[in-house]
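Notes to accompany the following structure.
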Amino acid sequence: MDTSDELLLDIQHLHTAFRVHDHFYDAVDDISLTLHKNEILALVGESGSGKSTLATSIIGLHNPRNTKVTGDIMYNELNLVGLNEALFNRIRGNDIGMIFQDPLSALNPLMRIGEQIAESLVYHTKLNEKEREARVLQLLEQVGIPDPPLTAHQYPHELSGGMRQRVMIAIAIACKPPIIIADEPTTALDVTIQAQILDLLEDIQKEIGSGILLITHDLGVVAETADTVAVMYSGQIVEQGSVYQVFEHPLHPYTRSLLRSMPQADSDDEELHVIQGTVPSLVNMQRTGDRFAPRIPWMPASSHEEHPVLHEVEPGHLVRCTCYKTFYFPDEKEAAAAGAPQNANEGE
Amino acid sequence: MWKTILRRVILMIPQIIILSLFIFLLAKMMPGDPFTGLITPNTSPSQIAKLRQEAGLNNPWYVQYVSWVGRAFHGDFGMSYAMQRPVTEIIGERAVNTLYLAILSVIITYVIAIPFGVWAGRYEGTWIDTSIQFYNFISMSTPSFVVYLLAIAAFGFGLKWFPTSGSVSVSASGFFGIIASRIYHIILPSILIGILTNASTVQYLRSGIVDNKLEDYVKTARSKGVPERVVFNRHILRNSLLPIAAFFGNVITGLLGGAIFAETIFSYPGMGKLFIDSVNGRDYSVMTALVLLYGILTLLGNLLSDIIMSIVDPRIRID
Ligand SMILES: Nc1ncnc2c1ncn2[C@@H]1O[C@H](COP(=O)(O)OP(=O)(O)OP(=O)(O)O)[C@@H](O)[C@H]1O
Ligand SMILES: [Mg+2]
């Protein structure tokens with residue numbers, strides 16, 4: 001990504017709260033992010049950290065009856081937060097395309113593929129039926145469907161998982177949206193198909209120059225495809241920067257544990273080796289102090305900030321809380337006890 | 001498709017044979033026979049015995065069964081002892097009357113069930129939903145004959161808005177006059193059947209809408225910028241209506257059962273009333289023919305449901 005590229009999305013202090021038993025709980029808690037043209041921004045974090053909630057807030061699909069979204073999501077001078085439905089419907093599909101995780105449930109089982117792709121064109125283009133049909137075939141071709149006329153007449157259950165996800169991508173890019181949100185687009189697919197789908201996304205991005213918000217919990221995917229990365233934990237960003245910054249100089253204990261637990265070629269366990277536990281549920285989420293502190297109990301309370309904020313350690317590289325300065329993994333303790341200086345650069 | 005339907009129909013043959021055997025034996029096991037009621041001081045037991053011998057009632061049961069089936073196959077279900085007319089002829093007349101009643105009842109059932117199901121599902125959890133659920137609860141838990149009796153007392157005998165018996169007025173003349181008179185005779189029972197038997201359809205539709213609303217493909221539709229009204233009609237509602245269409249066959253058979261009460265109470269000369277009369281009059285030939293007919297109609301209703309389902313849902317292929 002070239003930083004001079006045009007700013008597409010400017011998210012400032014976004015909060016998304018869900019109502020649970022008459023109380024509102026922030027699932028997205030004060031998140032600020034930007035997305036530029038030609039950028040692939042990866043959003044990573046364990047299950048329940050609020051990634052999908054953030055995505056859904058951007059495209060305005062939360063049910064207002066039990067969800068409160070506050071803050072700003074600026075898109076071309078337009079604030080998407082609180083935007084009225086009629087206006088938002090002109091943006092959805094046209095300016096923002098969305099790809100969901102499970103391509104089987106995300107396609108209407110009773111509608112032909114061609115019809116589902118064309119639906120977007122009906123509302124955002126002036127194409128007539130014939131032209132829409134032609135455009136559908138062209139899109140299917142573009143996403144690598146071998147026999148577009150056949151597939152256009154098929155139903156979702158007649159396609160393989162990989163083919164369905166290609167169809168989802170065709171739907172998302174039908175109107176060449178400047179912004180594409182892909183929420184774990186490869187999680188439901190076989191490993192071999194995953195790589196193909198990611199390649200396809202990258203190709204598409206080069207072709208239409210969109211900015212992509214790529215949600216994943218696969219750091220391998222991030223390293224291979226993304227330009228920038230934001231690491232989320234418990235509704236907050238704990239670390240953010242270019243892929244180079246975050247992978248070469250990971251600072252936050254959470255990022256470092258994620259990287260440390262990346263599945264190696266010779267092992268297939270997916271848990272965080274070192275860090276026990278999971279992201280707490282929305283209602284039980286800790287709202288004060290360092291939210292990650294309970295999972296690194298060996299770190300003294302004094303190492304955490306009382307109100308952890310994001311620190312800019314390098315231009316563009318942000319990390320929350322000061323605990324990263326003294327953080328170590330327990331199995332590194334002997335080394336620490338032997339007098340080696342504890343510093344932030346153990347990742348190197 | 002046609003092949004499959006043919007295969008399903010052929011598969012129905014053993015089912016129908018078992019059903020007919022079952023009906024035949026059950027009728028045999030019932031106490032008394034058509035001549036029991038005819039014993040009067042004027043008919044001597046020996047005359048009755050002679051009648052029994054002539055009717056083949058003294059043959060072994062399987063001989064009787066085979067001859068019954070053989071004749072039934074040619075559309076001959078014997079004579080009604082009570083009415084002294086061929087059973088097929090009587091059922092034919094009555095079936096037409098039941099058909100009129102069933103058609104109007106089905107129309108009224110759907111006219112009520114579809115909007116109610118859609119409203120309950122769309123406004124799930126609101127007072128609209130609660131009221132409809134309450135209505136369904138009442139309609140399911142009230143015995144239908146009580147409602148029929150109250151209605152016939154109030155609107156038939158009391159207010160005299162509707163006739164209280166028959167299927168067509170003797171004074172009706174001309175094609176349209178007869179049609180109008182027929183409709184006039186079935187309107188009250190049809191409305192009542194419609195009001196009382198739509199609960200399953202309402203609930204089916206409601207839960208379909210409630211479930212479909214949360215499906216991912218609905219989110220996809222919204223993410224395309226499709227207006228909410230269209231999302232509801234084209235995605236949520238359409239997908240919820242398809243199983244309702246397939247449920248049609250079952251609604252029909254359920255309705256035929258429901259019509260038995262209505263016809264009896266409204267003295268409407270349909271198959272249902274004929275059935276009750278035949279049971280009361282121990283009119284075996286009529287009764288067995290009707291039970292067999294109801295059984296076959298139920299099998300056909302299920303087949304119809306499966307066929308409709310395979311037509312409307314591309315995921316289901318019956319082959
Ligand atoms: N509609 C909702 N009502 C109440 N709570 C919700 C709702 N949607 C999500 N949550 C809660 O918000 C938190 C964040 O959920 P979210 O789906 O955004 O996580 P995620 O990072 O996308 O996880 P995953 O990797 O499993 O997709 C979770 O605790 C979840 O239970
Ligand atoms: Mg998610």
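A few remarks follow.
- Paramagnetic reach from B:N280 in region B:152-176 [backbone N under 15 Å; point 7 Å along Cα→Cβ]: B:165-166
- Net lengthening on full extension, A:L61/A:L78 (0.36 nm per residue, minus Cα-Cα): 4.4 nm
- FRET efficiency estimate (nearest 0.05) - Cβ-Cβ, A:T34 to B:R238, R0 45 angstrom: 0.65
- Lysine pair count for chain A with Cα-Cα distance under 22 Å and sequence separation of 8 or more or different chains is 8.
- Ordering of A:323-330, B:204-211 by packing [mean C-beta count within 10 Å, highest first]: B:204-211, A:323-330
- Estimated translational D of the protein assembly as shown in µm²/s (Stokes, Kirkwood radius over Cα pairs; 20 °C; 1.002 mPa s): 70
- Residue-averaged beta-carbon neighbours from other chains (10 angstrom radius) around A:87-100: 3
- At an R0 of 41 angstrom, the distance between the Cβ atoms of B:S44 and B:V69 translates into a FRET efficiency of 0.80.
- Put a dot 7 Å past the Cα of B:R85, heading toward its Cβ, do the same for A:E312, and the two dots end up 9.8 nm apart.
- Shape of region B:58-181, Cα gyration tensor, a/c cut at 1.5: prolate
- Mean projected area in nm² (Cα convex hull; one quarter of hull surface) for region B:92-281: 13.4
- For region B:192-278, radius of gyration divided by Kirkwood radius, i.e. Rg to Rh on alpha-carbons: 1.24
- Order by protection proxy (mean Cβ within 10 Å, highest first), peptides A:242-254, B:82-94: A:242-254, B:82-94
- Computed from the alpha carbon positions, the gyration tensor of chain A leads to an equivalent ellipsoid with semi-axes of 38, 22, 18 Å, biggest first.
- Average beta-carbon neighbours from other chains, 10 Å sphere, peptide B:229-242: 2
- Ordering A:5-18, A:66-79, B:170-183 by mean Cβ neighbour count within 10 Å, with the highest value first, yields A:5-18, A:66-79, B:170-183.
Coordinate-derived values only; no laboratory data. Because the structure is predicted, anything quoted here is derived from the model rather than measured. When we count neighbours, we look across all protein chains shown, and the Cβ atoms used for this are built from the backbone with ideal geometry, even at glycine.
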